[in-house]
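Read through the structure below, which is laid out as structure tokens, and then see the notes.
The numbers here are math on the coordinates, done by the rules we state, and not lab data. Computed from a prediction, not measured in an experiment: that's the story for all the values here. A quick note on method: Cβ atoms are made from the backbone with ideal geometry, for glycine too, and the neighbour counts reach across all protein chains shown.
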Amino acid sequence: MGILDPTVPSDYDSREIHALAPRVDDVSEKRIGLYDNGKMAAEPVLAVLREKLEDRYPEATISTHAKEAKHVVQDPDELEAVREWAAEEIDVCVGAIGDCGSCTKFLTWGLQAVEEAGVPSVGLVDEGFVLDWQSNAVERGYPLRYVDSAVRSEVRDRDLIAERLTPAVLDEIVGELTRPLTETERGMAPRRETTARREDEA
């Protein structure tokens, strides 16, 4: 049974839903991309995540694509640069917002470009901004996946970030990159369902 999202617009059903990129079987030897949306707290979150991924997956390679500021992703050329990076350099991608949740929108734009390049992605989202993530993903027409990072907005203390990015959170991140697509994520089901984690995914 799907969970209805009361925040979606009234013309939701008439809008096109775009399929996500196919997921991978595992990430152990993949090229992992870290997408930094240009907010100051994104860099330490991704730096800690890189260390944890390198420890767990020593055969993987990791690269970062960083924007100088969150708003530049509105530029079509900047989005194209994200697509090219994804298509040419990575197999999977993890994106981080960092700082306040109003930036959630711009992370969905960046990860949409990654998905358009055929690369599976997942966003790290402060739990207080999950609805922002879902509504912006809906507006863009992509049922983008996310993980509650357990790192509150604007946290830059690497020790605290390391404490919050537990092995369980890392498991969730990897799970969202490897779990097969649902019908909705393949663009085959009505968009009235929410864009992430539903009871019918089992």
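Points to keep in mind about this one:
- Along the axis of the charge dipole computed for the stretch 125-191 (Cβ charges of +1 for Lys and Arg, -1 for Asp and Glu, origin at the Cα centre), the listed residues Ala150, Thr184, Thr166 are led at the positive end by Thr184.
- Student exercise, the stretch 28-180 dipole from Lys, Arg, Asp, Glu Cβ charges, in Debye to nearest 20: 240
- Placing a label point 7 Å from the Cα of Arg156 along the Cα-to-Cβ direction, the residues of the stretch 36-60 whose backbone N falls under 12 Å from that point are 39-45.
- Order of Ser63, Ser135 - criterion: other Cβ atoms within 10 Å of each residue's Cβ, fewest first: Ser63, Ser135
- Cβ-to-Cβ counts within 10 Å put Arg83, Arg56 in ascending order as Arg56, Arg83, the fewest first.
- Restricting attention to the stretch 28-180, the count of lysine pairs at 8 or more positions apart or across chains with alpha carbons under 24 Å apart stands at 9.
- Ordered by the number of other Cβ atoms lying within 10 Å of each residue's own Cβ, fewest first, Leu144, Leu170 fall into the sequence Leu170, Leu144.
- Gyration tensor verdict on the stretch 28-180 (Cα atoms; rounded if a/c is under 1.5, prolate if a/b is larger than b/c, oblate otherwise): rounded
- Shown here for the stretch 144-185: GluC sites (Glu not before Pro) in loop regions (DSSP other than H, G, I, E, B) with at most 14 other Cβ atoms within 10 Å, namely Glu154, Glu183.
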